[in-house]
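The values are calculated or read from the model by the stated rules, or taken from the named source; none is laboratory data. Every value quoted in this text rests on a predicted model; they were computed, and no experiment measured them. Backbone-built Cβ (ideal geometry, glycine too); neighbour counts: all protein chains shown. Each accessible area value is taken on the protein alone, full model and side chains, heavy atoms only, with ligands, DNA and RNA left out. Shrake-Rupley method; radii C 1.70, N 1.55, O 1.52, S 1.80 Å.
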Amino acid sequence: GKEVEGKGEPTKDICGKRGPLFIAPTVKLFIDGKFIESKSDKWMDIHNPATNEVIGRVPQATKAEMDAAVSSCKRAFPSWADTSILSRQQVLLRYQQLIKENLKEIARLITLEQGKTLADAEGDVFRGLQVVEHACSVTSLMLGETMPSITKDMDLYSYRLPLGVCAGIAPFNFPAMIPLWMFPMAMVCGNTFLMKPSERVPGATILLAKLLQDSGAPDGTLNVIHGQHEALFSFVVIIYFLLKAVNFICDHLDIKAISFVGSNQAGEYIFERGSRHGKRVQANMGAKNHGVVMPDANKENTLNQLVGAAFGAAGQRCMALSTAILVGEAKKWLPELVERAKKLRVNAGDQPGADLGPLITPHAKERVCNLIDSGTKEGASILLDGRDIKVKGYENGNFVGPTIISNVKPNMICYKEEIFGPVLLVLETDTLDEAIKIVNDNPYGNGTAIFTTNGATARKYSHLVDVGQVGVNVPIPVPLPMFSFTGSRASFRGDTNFYGKQGIQFYTQLKTVTSQWKEEDASLSSPAVV
Ligand code: NAD
């Protein structure tokens, strides 16, 4: 989109050293209804993960710019909160239409910056669009409650009000869907919003901001700032800038709530610090999702589902099914699983037929490869090894091919860490009870699935497993937006989840009115009528 392009300057890394002299487009800030060039002297390069070419530059917004963004949100709040709910709904109705009309363009931008296949990128936009569509039912979702005649002439009613300025911090892996979990829900309730997309994939958010403006959202109702890029920072500088930007959001008195999605390291910190400053915080974080395969499962479907859910989007999904537990005779299916995984085509996301694209950065690739190495050192067996994959024409990309590691034990590093790459770990047990114990002993509670044709087994698993989102013969059970995203335990901090009814609760507060209108008083105020 043209909003992500600017005149550009020679690229410069965060420490101020000049890089190679070429022009890269700059990503704008969106402040008070204008797409503006940051005055920052700290810029970070954005790379195409399939080639590692620099495709743009994103600023670390200055303190003055961040302040201007929050002030803009604050100024816009009173009139937006007072705008009739029907008018806010109309903005969202136009927005869902514009997202649909621009879906392919947003998806192309996602593939360029994030690397996932075009089909996955379209899915990314589509899942966010569903949240926008659901937000259009705000007129029902925001209804309060009433209790008439609690005593003589006295009624009790409550209604939902927006909080004020809310903020969102999003990860790199779903550049459209996750920002769309946040600002449309918050804004339709009457809040104004400060969005900080991931510095690695800022383009989709800027395009989405433009479409929201075109839908009639008044200036200042959404502001977008940028910041942070770990690859370019020294460790000390990373901590300095992360804390600077994060503390700004966590501490700012005018920000009432923070929605965060990303890693545990960042999420825990933001939750603690934001809460300490009196804010509501919801933090969706890391995961280790187990797929339990019973010997009575439909083998054909199960193996296809496992392969898609483990390796799709190069495993960079918080709901990726990254660990399989094969129960009893299902252990024998392992060779067939490997054969299916071998057939997946690894390529740049915009190439026809690609099943999975590259990882986000060279650092992410190195980390995933190190975790695979650690598995071999700790006694696991690599049945399929994607570490040395070469993709023709994209030799510099961050590709890792599908990798399957068996004989994994819960005490191994590769099991304990979230890998976030195209790596499927395989554990084996003799009984369902043992499988349930493994899943429940794992600290994360984002998603899990059981594959079986036995209803009682499925019910037992769903009932006993301590994970927030359970699939029965459904590998990636992300709830539709009329429900909420209900990850639990170490995958979530807060008490009100993203989107759905819980999302409306998160972005609103209740006011409860107890009122008495005595019949005998009526004559005092309007005698002529009574
Ligand atoms: P990340 O934590 O590195 O970054 C997320 C956001 O936080 C970015 O905007 C980033 O700039 C910012 N950030 C990074 N470090 C920070 C810090 N120390 N303090 C404050 N902010 C910081 O995460 P990522 O690598 O972009 O995303 C991958 C992670 O996100 C994985 O752990 C994945 O499981 C998780 N994730 C979870 C869900 C979910 O719904 N549970 C969904 C998507 C991704």
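When the Cα positions of Pro477, Leu464, Val423 are compared along the charge dipole of the stretch 406-525, Val423 comes out farthest toward the positive end, with charges on each C-beta of Lys, Arg, Asp and Glu. With a Cα cut-off of under 22 Å and a minimum spacing of 8 residues unless on different chains, the lysine pairs in the stretch 354-484 number 9. Peptides 281-293, 150-162 ranked from most to least packed by the mean count of surrounding Cβ atoms within 10 Å: 281-293, 150-162. Residues whose amide H falls under 5 Å from that of Ile258, counting only those 5 or more places apart or on a different chain, are Ala167, Arg280, Val281, Gln282, with hydrogens built in the peptide plane. Among 124-133, 328-337, sorting by the average number of other beta carbon atoms lying within 10 angstrom of each residue, highest first, gives 124-133, 328-337. Dividing the helix sum by the residues of the chain, where each DSSP H run of 4 or more adds -39500 (n - 2.57), gives a mean residue ellipticity at 222 nm of -11500 deg cm²/dmol. In order along the stretch 24-35, the Karplus-derived 3J(HN,Hα) couplings, from 6.51 cos²θ - 1.76 cosθ + 1.60 at θ = phi - 60°, round to 10, x, 9, 8, 8, 8, 10, 10, 6, x, 10, 8 Hz, and Gly and Pro are given as x. For Thr62, the amide hydrogen comes within under 5 Å of the amide hydrogens of Lys39, Ser40, counting only partners 5 or more places away or on other chains and with H modelled in the peptide plane. Residues whose amide H lies under 5 Å from that of Ala297, counting only those 5 or more places away or on a different chain, are Thr453; hydrogens are built 1.01 Å from N in the peptide plane. Here the stretch 408-517 is assigned +1 on the Cβ of each Lys and Arg and -1 on the Cβ of each Asp and Glu. Its dipole about the Cα centre then comes out at about 440 debye. Phi-derived couplings, Karplus 6.51 cos²θ - 1.76 cosθ + 1.60 at θ = phi - 60°, listed residue by residue for the stretch 475-489: x, 10, x, 7, x, 5, x, 6, 9, 10, 7, 10, x, 9, 6 Hz, with x used for Gly and Pro. So if R0 is 56 Å, what FRET efficiency would Asn247 and Thr376 give, r being the distance between their Cβ atoms, rounded to the nearest 0.05? Computed FRET efficiency for Asn247 and Thr376 comes out at 0.85.
Taking the 1.4 Å solvent-accessible surface of the stretch 293-354 as the whole, the part contributed by carbon and sulfur is 49%.
The distance from the alpha carbon centre of the stretch 61-94 to that of the stretch 427-470 is 43 Å, rounded to a whole number. Note on Leu464: accessible area is roughly 90 Å² with a 1.4 Å probe, heavy atoms of protein only. Entry for the chain at q = 0.09, 0.10, 0.11 Å⁻¹: log10 I(q)/I(0) = -0.67, -0.81, -0.96, Debye formula applied to identical alpha-carbon scatterers, no solvent contribution. For the stretch 47-115, the mean projected area of the C-alpha convex hull, equal to one quarter of the hull surface, is 6.7 nm². Bridging of Lys342 to aspartates and glutamates at a Cα separation below 17 Å is possible for Glu300, Asp355, Asp385, Asp388, once same-chain residues fewer than 8 apart are set aside. Peptides 99-108, 417-426 ranked from most to least packed, by the mean per-residue count of other Cβ atoms within 10 Å: 417-426, 99-108.
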